Amino acid sequence: MSSASAAIPRPGRTKAFLRLVMIEHSVFALPFAYIAALTAMFLLDENIHWGRLLLVTVCMVGLRTFAMAANRVIDREIDARNPRTAHRELVTGAVSVKSAWTGALIALVVFLGAAALLNPLCLALAPVAVIPMVVYPYGKRFTNFPQAILGIAQAMGPVGAWIAVTGEWSGQAVILGLAVGVWIGGFDLIYACQDVETDREVGVKSVPARFGVPAAIWGARGCHLVTTALLAWYAASTGAGVFFWLGLAVVAGAFVYEHTIVRPHDLTRLNRAFFQVNGFIGIALFVCALLDLLVRGLTV
């Protein structure tokens, strides 16, 4: 094989990298960035600015791809010692560390480039968004509350999307960002319950490992109660209409269902709660929020 042909990435390698960063999980945070961006557009001039919305999408996917790739590289030794994660691409060799860092750096450049095209404040604050993404995987090594770091990282999405549209801070965006951060931190508490025994053996810190699964489940319930309250505050502060409130009712119902199927001594349906229910929450609220904005006068 010639050196030129060897330099061409194989299709299987690209697919392996996309599996590594779990690109489909963008469904969790991206809808809330859209809610923030579209609400800001409505309050600004009631028009959808498609170019800015595209750049928001590029920023969100780029930053998340960087964060996931960095997370996998940093955690690869821990993943190798956990039966649940021992099949991950960096552990099996399907993706090399060099390839993972290369993909991460490309994603970071894409994120910074899109931020620069939006406005000066987005570019200036971009490094602030990157920091918790890198700190989070180390969090499980020094704190029992790494989900708090994850929540801070995820809270920046809606805030950044709002700034992308208006070029300035907004208390309303901060409320929505807090709602997203507490929500994701809460369901990550549930997700961490499946690794409690392994975490204790290898020394990984988490709420379930330190305080037990029942405490983590109750903590998640509290987080999702706070999330519902924050979303209600956001709705009131932005003058949301009936369709947004209907979406909030759907979200509240989904939370109740999630905590009905996941109990401290029954984690058999944990994956359904984590992937299906939480994915549904983001999409359902986005659809209702979009419909609400369109009814109130948002122009496509």
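No lab work stands behind these numbers, since they all come straight from the coordinates. Just so it is clear, the model here is predicted, and its values are computed rather than measured. Neighbour counts are summed over all protein chains in view; Cβ atoms, including those assigned to glycine, are modelled from backbone coordinates with ideal geometry.
Odds and ends about this structure:
- Assigned charges on the beta-carbon of Lys, Arg, Asp, Glu; the chain dipole about Cα centre (debye): 740
- With a Förster radius of 30 Å applied to the beta-carbon distance between ILE106 and VAL202, the computed FRET efficiency rounds to 0.45.
- Note: segment 1-130, Cα convex hull, 134 Å³ per residue.
- Distance between the 7 Å Cα→Cβ label points at ARG210 and ILE261: 3.0 nm.
- Segment ALA236-ILE283, extension gain: residue separation times 0.36 nm, minus the distance between their alpha carbons: 14.9 nm
- For segment 13-296, the Kirkwood hydrodynamic radius from C-alpha pairs, put into Stokes-Einstein at 10 °C and a viscosity of 1.306 mPa s, yields a diffusion coefficient of 82 µm² per second.
- Its residues counted as N, segment 204-296 yields a C-alpha radius of gyration over 2.2 N^0.38 Å of 1.24.
- The label point for ILE131 and the one for THR143, both projected 7 Å from the Cα toward the Cβ, are 1.2 nm apart.
- Gained length - TRP245 relative to ALA80, 0.36 nm times residue gap less alpha-carbon distance: 54.9 nm
- Segment 83-216 shape via C-alpha gyration tensor axes, a/c threshold 1.5: oblate
- Highest average packing first - 163-171, 67-75, Cβ atoms within 10 Å: 67-75, 163-171
- Cross-link reach is defined here as a Cα-Cα straight distance under 23 Å, omitting same-chain residues fewer than 8 places apart; for LYS140 the lysines meeting it are LYS205.
- Peptide packing: for 14-23, 52-61, the average count of neighbouring Cβ atoms within 10 Å per residue gives the ranking 52-61, 14-23, highest mean first.
- Derived scalar couplings ³J(HN,Hα) [segment 39-47; Karplus, 6.51 cos²θ - 1.76 cosθ + 1.60; whole Hz; x for Gly, Pro]: 5, 4, 5, 5, 6, 6, 8, 6, 10
- Coupling constants for segment 164-174 follow from the phi torsions by the Karplus curve (6.51 cos²θ - 1.76 cosθ + 1.60, θ = phi - 60°), and in residue order they are 4, 8, 9, x, 8, 5, 8, x, 5, 5, 5 Hz; glycine and proline get x.
- Whole-Hz ³J(HN,Hα) from phi, Karplus 6.51 cos²θ - 1.76 cosθ + 1.60, for segment 286-293, glycine and proline x: 4, 4, 5, 5, 5, 4, 4, 5
- Compared with the alpha-carbon gap, the fully stretched path from PHE275 to VAL97 is longer by 61.4 nm at 0.36 nm per residue.
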